[in-house]
1. Relative to the present Cα-Cα distance, how much length would full extension add between Arg48 and Met1 at 0.36 nm per residue of separation?
2. Report, for the stretch 68-189, the % of DSSP beta bridges that are antiparallel, rounded to 5.
3. Across the chain, how many lysine pairs separated by 8 or more positions, or lying on different chains, have Cα atoms within less than 29 Å?
4. First measure r as the distance between the Cβ atoms of Glu25 and Asp111, then evaluate 1/(1 + (r/R0)^6) with R0 = 45 Å and state the FRET efficiency to the nearest 0.05.
5. Place +1 on the Cβ of every Lys and Arg and -1 on the Cβ of every Asp and Glu in the stretch 10-57, take the dipole about the Cα centre, and give the residue among Leu23, Ala54, Ala12 whose Cα lies farthest towards its positive end.
6. For labels at Ala189 and Val78 in the simple 7 Å Cα→Cβ model, what's the distance in nm?
Amino acid sequence: MRRIEALTGPEAVRLLREHDRLLSEVAQALRTRPDDAPELVRERERERRELEKARKRGAGTVGGSSGIDLDDLLARAVQVEGATVLASVADVPDAKALLDIADRLKGKLGDPAIVLGAAVEGRVHLLVSVAPELVARGVKASAIVKVAAAVVGGGGGGRDTLAQAGGRDPEKLGQAIEAAREAISSALAG
C-alpha cells in the first residue's frame, strides 16, 4: 500500500515559486547560477570530505598540515645579538597555517623574531612575528616583511609585532627569508 500526495492549482504554483526562491538563495550563497548550484554543492562536499580526511590524518601536526615538524623548525632558531631568531620556509597547505605555526613557536621560543615563508599554489606567503621586547630594540615586523616581500615581487604590511605579505615569485622564497634574516640582524646590531 502506498500513499500519494499531490498539490494542484494555486498551491502547486506557490510551492514551485518557493522552491525557485530557495534555489536562488542557495545559488547566491554559492556565488553561482541556479543551474550550476547542484554540481557545485556536490564538488564542495567532495572537497570538504577530503579536507576532513586530511585533517584527521594530520591531527598530530600543526594546523592539520601535512607533516610540519615543530622540532625541526625549533632547531633552526639561532641567537643573534642576544635574541632568538627563526627564519625558515615552511611547507604548509595554506597561508593561514603560518599564523598557527608562529603562535606555537612563540610559546616554545620565548621572545623571538620569527619569519616564516611558504609557496602555495604559485604564490608566496610571508609572516613575520616579533616579540615586544625585540620591537623595543628596533626590530619591527612590518619593516622586515616589506624587505622580504620586495624580493619575491610583492608587498605587505602590518603592525610592529605581526605582519604578513604576499608575492608572485616562489623561486625566490629562500632569498626572501635570507633578506628578512639579514634585516633582523641589522636592526639588532644597530
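1. That works out to 12.9 nm of additional length.
2. Of all bridge pairs located within the stretch 68-189, approximately 80 percent are antiparallel.
3. So the count of such lysine pairs works out to 19.
4. So the FRET efficiency works out to roughly 0.35.
5. Selected residue: Ala54.
6. 1.2
Rule-based calculations on the coordinates, nothing more; no lab input. What you are looking at is a predicted structure, and each value in this text was computed from that prediction instead of being measured. Here Cβ is always computed from backbone atoms with ideal geometry, including for glycine, and neighbour counts include all displayed protein chains.
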